[in-house]
Amino acid sequence: MTSLAGKLLVASPDLRDPNFARSVVLMLQHAEAGAIGLVLNRRSGTPLSAIWDQVTDVPCTLDLPVMTGGPVEGPLVILHGDAELNEREIMPGVYFSAHKDLITELLAQGELPMRVFAGYSGWGEGQLEAEMQEGSWSTTAATQELIFGDEETLWHLATKRIADDILIHGLGIKHVPDRPELN
């Protein structure tokens, strides 16, 4: 089994589960025992200021939207770009923190990029692989731009990237310039 950790899991247009329809999930862990990820393009409708006092007594100076990381309840976590305040590197330039002191310091510094999540997405042993076999999910490489970019257009950008990759591979194209429109 090839681990999908650090990749994007992109919902197929036919996936109707309301928790995952048109979602893009950053995979944090993927092993034979199961998988964990964060939905990148679901705002919870709750600003950080509305729940911050449940986390700590330290004032929060940065009010970000809280993203719904998935249907499984979990602690407040942050994806960010600060290598010094991380618990785990997800991919180069993208870090994960869940410890209250790290989250407090990250928010106090206020340096972006940063995404705050409540909840996460989880799959038991073989569950994600079965869903992929059914065609519910595709994968593509994660980038900082996709992870921290506009969540409203993320699913469209990710599905276009997957379609382009399939076309390029199917046509046997060996090299695509970074900006093909300049050719």
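Derivation of every value follows stated rules applied to the coordinates shown; laboratory data play no part. Since this is a predicted model, take the numbers as computed values, not measurements. With ideal geometry, Cβ positions are generated from the backbone for all residues, glycine too; neighbour counts draw on all protein chains shown.
Each Lys and Arg Cβ is given +1 and each Asp and Glu Cβ -1; about its Cα centre, the chain then shows a dipole of about 460 debye. Listing L107, L9, L15, L28 from fewest to most neighbouring C-beta atoms within 10 Å gives L15, L28, L107, L9. Seen against the Cα atoms of the chain and their longest principal axis, helix 154-171 is set at about 30 degrees. The packing ranking, built from the mean of other Cβ atoms within 10 Å per residue, places the peptides 156-166, 30-40 in the order 30-40, 156-166, highest first.
One Cα centroid belongs to the stretch 110-149, the other to the stretch 1-62; the line between them spans 6 Å. Placing unit charges on the Cβ atoms of the charged side chains and taking the dipole of the stretch 7-182 about its Cα centre, the candidate lying farthest along the positive direction among P71, I103, A141 is A141. Could you tell me whether the stretch 4-49 comes out rounded, prolate or oblate from its Cα gyration tensor? Rule is a ≥ b ≥ c as square roots of the eigenvalues, rounded for a/c under 1.5, then prolate if a/b exceeds b/c, otherwise oblate. Note, shape of the stretch 4-49 comes out oblate. Helical content of the chain, expressed as a calculated mean residue ellipticity at 222 nm, amounts to -6500 deg cm²/dmol (DSSP H runs of 4 or more residues, -39,500 (n - 2.57) each, divided by residue number, nearest 500).
What the phi angles of the stretch 107-113 give under the Karplus curve with 6.51, -1.76 and 1.60, with θ = phi - 60°, is a coupling list of 5, 5, 5, x, 7, 8, x Hz, glycine and proline written as x.
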